[in-house]
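To keep things clear, I will list the structure first and then write my remarks on it.
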Amino acid sequence: MTSPHMPASVLIVEDDSLVAQDIVLQLAELGYDIAGLLPSGEEAVQQAARLKPDIILMDIMLAGSMDGIEAARQIQLNSNIPVVFLTAHADQELVTRALSTRPFAYLQKPLKQRELELTLELVLLRHRLEEQTRARQQTLEQNVSASRQALQSASLTMQQLVHQQQRDQTSLQRFSDALEDSADAIFLIDRASMRFIDVNRTACATLGYSKAELLEMGPHDIKPYFNRQML
């Protein structure tokens, strides 16, 4: 993905040379870089990973044994590049088949520059937001996995790193309910003060303290040999 300060690059897959050149001119006027201009689906599949465009404009009806829909499907198996389909046909069966690949948009030829401009801006914004969400989800999953491994090794503590941007109260409530009902003793620790900021019923029962008492303590009060570096 290009940075916000660099023009986005577009790979054009179109077998009509006149249409392709018109798209090139429109993109140039809009300030986009051309990552490549390919006439077939086979070449698009081969070149997409190497060219690494920010977005692909893919004609559905391509000459050769592979149409744009199949090319998009194969590209999506190996790359997370948003695809915008181009077509001069509005056949419902074709549209339904194209939509099965979950394209980011669908443009009717001949292209209108204003429609092209808005579509590309929205697609790039949506793709950027999805990438950020995916990265946050991967971070969260990695943290949960690490915590489970710590519990399996008989550790009494689990660190739960909550991303600063996660403010959805419904998600937080679901997490809180699961923590409280867990059969494992679970402790949430503030990394700055090394104090418990939440514990569940099992933790209280295991240690013989009330929740209020534990929230005045830290791991080192339970196990004096715990220090900041170990935690």
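Okay, here's what the table says:
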{"item": "Whole-Hz couplings from phi, Karplus 6.51/-1.76/1.60, listed for the stretch 211-221; x for Gly and Pro", "result": "4, 4, 5, 5, 6, 9, 10, x, x, 5, 6"}
{"item": "Calculated FRET value between A212 and T133, using beta carbons and R₀ = 45 Å, to 0.05", "result": "0.75"}
{"item": "Shape metrics for the stretch 1-66, restricted to C-alpha atoms - Rg then Dmax, Å", "result": "11.8, 39"}
{"item": "Spin-label pair A146/E29, simplified geometry with 7 Å Cα→Cβ offset, distance in nm", "result": "5.2 nm"}
{"item": "Other-chain or far-sequence residues with amide H under 5 Å of I197's (modelled H)", "result": "L188, I189, D190"}
{"item": "Largest-first principal axis extents, alpha carbons of the stretch 174-231, Å", "result": "30, 23, 18"}
{"item": "Theoretical gain in end-to-end length, S65 to K112 [0.36 nm per residue, Cα-Cα removed]", "result": "14.0 nm"}
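Only the coordinates and a few stated rules stand behind these numbers; no lab work does. Every value quoted in this text rests on a predicted model; they were computed, and no experiment measured them. As a convention, Cβ positions derive from the backbone with ideal geometry for all residues, glycine included, and neighbour counts pool all protein chains shown.
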